[in-house]
């Protein structure tokens, strides 16, 4: 039998299962429903927590790839559970890059910590760089023109954002010099020249470096 145990933080009690990792296991049936075909699981941490059938992206296991350096090509889905809050890059640049690696009609499946779990706030848990408000990520993806469904807070103090990539999107790379639209397959100007964004990490870096 597994005893029911709690931790106390800021005078609030949370079930101990929220402290042991493997958050992806709590949402796996839904993830497997949407994540079909050839796809990536970004930041899975341990092999036993990786989405079955996915190509794992975990720099602590294989340093050749990370959240902003993915394999070439486009995929049917990207799955990421309790990873986005750890990424040091601007969250919206990360989302834009991930979207560029998904085929039209493909799925971005995110499982994220909910703000109601106070221990996961960046000021309390220094492994977390970002904190997400309900509607923040889903709202951004909707503004880009994608189909989005977002859940409420679940039994693991987390929530799901599922986005289906649609044809019309606007991928923005920002820098101190401003913002540049790098919409996939759209011709864009930069540094006095005109190039076409091909969705690759190399081209993304080239564009960003010339902003």
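Results, tabulated for the structure shown:
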{"quantity": "Residues of the range 88-105 satisfying the condition of being surrounded by fewer than 22 Cβ atoms within 10 Å (Cβ to Cβ) and under 11 Å from residue 39 (Cβ atoms)", "calculated": "103"}
{"quantity": "Count of residues meeting criterion [out of contact with any helix residue (DSSP H, G or I) (no Cβ under 8 Å at 6 or more places or on another chain) and either assigned to a strand (DSSP E or B) or surrounded by 12 or more Cβ atoms within 10 Å (Cβ to Cβ) (or both)] in the range 1-16", "calculated": "4"}
{"quantity": "Selection status of residue 63, outside any strand (DSSP E or B), free of Cβ contacts under 8 Å to residues at least 12 places away in the same chain and surrounded by fewer than 13 Cβ atoms within 10 Å (Cβ to Cβ)", "calculated": "yes"}
{"quantity": "So residue 78, is it assigned by TED's automatic domain parsing to the domain that holds residue 161, at pLDDT 95 or above, buried (at least 19 other Cβ atoms within 10 Å of the Cβ) and in contact with a helix residue (DSSP H, G or I) (Cβ under 8 Å, 6 or more places away or on another chain)", "calculated": "yes"}
{"quantity": "So residue 48, is it part of a loop (DSSP other than H, G, I, E, B), farther than 23 Å from residue 139 by Cα, more than 16 Å from the chain's Cα centre (by Cα) and touching a residue at least 12 places away in the same chain (Cβ under 8 Å)", "calculated": "no"}
{"quantity": "Some residue of the range 164-178 being part of a strand (DSSP E or B) and modelled with pLDDT of 95 or more", "calculated": "yes"}
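The values are calculated or read from the model by the stated rules, or taken from the named source; none is laboratory data. Small disclaimer: the values here were computed from a predicted structure and weren't measured. When we count neighbours, we look across all protein chains shown, and the Cβ atoms used for this are built from the backbone with ideal geometry, even at glycine.
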